[in-house]
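J.: Here's a structure for you.
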Amino acid sequence: MGMKIFQGTSFNPETIAVMTRALEDAVETLPYPVSSGTVRSLAKNIIDLASQGERDPQRMKLLALLALQSKT
């Protein structure tokens, strides 16, 4: 899953690896099954965070999940 979602974004490989880890960790915390729409929303949140300069995968994960909760 992960790497494909972030293809086409203008981040270096190290940042994409951090983003992928954050996304996978975030998805693991959600009840199964996780919809593709939820995964896309999380990925968008993580892309937004990375665009703002965030590089800590734990913070990305937490902030992406918080943003997801605030939308539901």
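J.: Being over 23 Å from ASN12 (Cβ atoms) and under 12 Å from the mean Cα position of the chain (by Cα) is the filter here; which residues of segment 30-72 pass it?
T.: Residues satisfying the conditions are THR38, SER41, LEU65, LEU66, ALA67, LEU68.
J.: How about segment 1-45: which of its residues are of a type in the set (Gly, Ala, Ser) and closer than 13 Å to PRO57 by Cα?
T.: Scanning segment 1-45 gives ALA17, ALA22, ALA26, ALA43.
FYI, it's all coordinate maths here, none of it is from the lab. None of the values given here were measured: they were computed from a predicted structure. Virtual Cβ from ideal backbone geometry, glycine too; neighbours counted across all protein chains shown.
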